[in-house]
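The structure appears right after this line, and notes come after that.
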Amino acid sequence: MRDHFELRDGDLAGRIGRLSVPRAGITVETPALLPVVNPNIDTISPARLESEFGADVLITNSYIIKTNDHLREEALDVGLHEMLDFDGAIMTDSGSFQLAEYGEIDTTTEEILQFQRDIGTDI
């Protein structure tokens, strides 16, 4: 990841930069707001976020995908981008919120990181 982030400016703890995502062929200017997609709830589909709102990057939760049998198998079979029908960059969260909220989750850090690699997470 270090090779894909260009620091353009900084002040105290803040950083302005560019994050290159080679698989998606995009560069994200940071800081950036990313639409959050829960693959269990299709409020606004990722394809619609892309076509109507110009989203070229989004975030979803790999822990939610991993713990749902159907989503896990589909993501492992066709990959995250095809499963979500989204051509842009996809960042996945590892489930830290669930850990903080529920106190315990049924996976290790190493397992979730490997799962993120296996499903084709970009960030």
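Every number here is computed from the coordinates shown, using simple stated rules; none is lab data. Fair warning: this is a prediction, and the values are worked out from it, not measured in the lab. Cβ sites come from the backbone with ideal geometry, for glycine too, and all protein chains shown count toward neighbours.
Descriptive notes on the structure:
- Seen against the Cα atoms of the chain and their longest principal axis, helix 109-119 is set at about 80 degrees.
- The order of His70, His4, going from fewest to most other C-beta atoms within 10 Å of their C-beta, is His70, His4.
- Between Ala13, Ala24, Ala32, the residue with the greatest mean-square fluctuation in the GNM of the chain (Cα pairs under 10 Å linked by springs) is Ala13.
- For the chain, the mean residue ellipticity at 222 nm estimated from helices alone is -10000 deg cm²/dmol, where every DSSP H run of n ≥ 4 contributes -39500 (n - 2.57) and the total is divided by all residues, rounded to the nearest 500.
- Among Leu12, Leu76, Leu84, residue whose mean-square fluctuation peaks in a GNM of the chain (springs only between Cα atoms under 10 Å): Leu12
- Projecting the Cα atoms of Thr108, Gly79, Ala55 onto the charge dipole of the stretch 34-119 (Cβ charges, centred on the Cα centre) puts Ala55 farthest toward the positive pole.
- Cβ-placed point charges (K, R +1; D, E -1), dipole of the stretch 34-119 about Cα centre in debye, nearest 20: 180 debye
- Given their separation in residues at 0.36 nm each and the Cα-Cα distance between them, Leu7 and Glu52 gain 13.2 nm when the chain is fully extended.
- Our Cα-only numbers for the chain put the radius of gyration and Dmax at 15.1, 45 Å.
- Least to most buried among Phe86, Phe53 (fewest other Cβ within 10 Å first): Phe53, Phe86
- Burial ordering of Ser45, Ser94, Ser62, fewest other beta-carbon atoms within 10 Å first: Ser45, Ser94, Ser62
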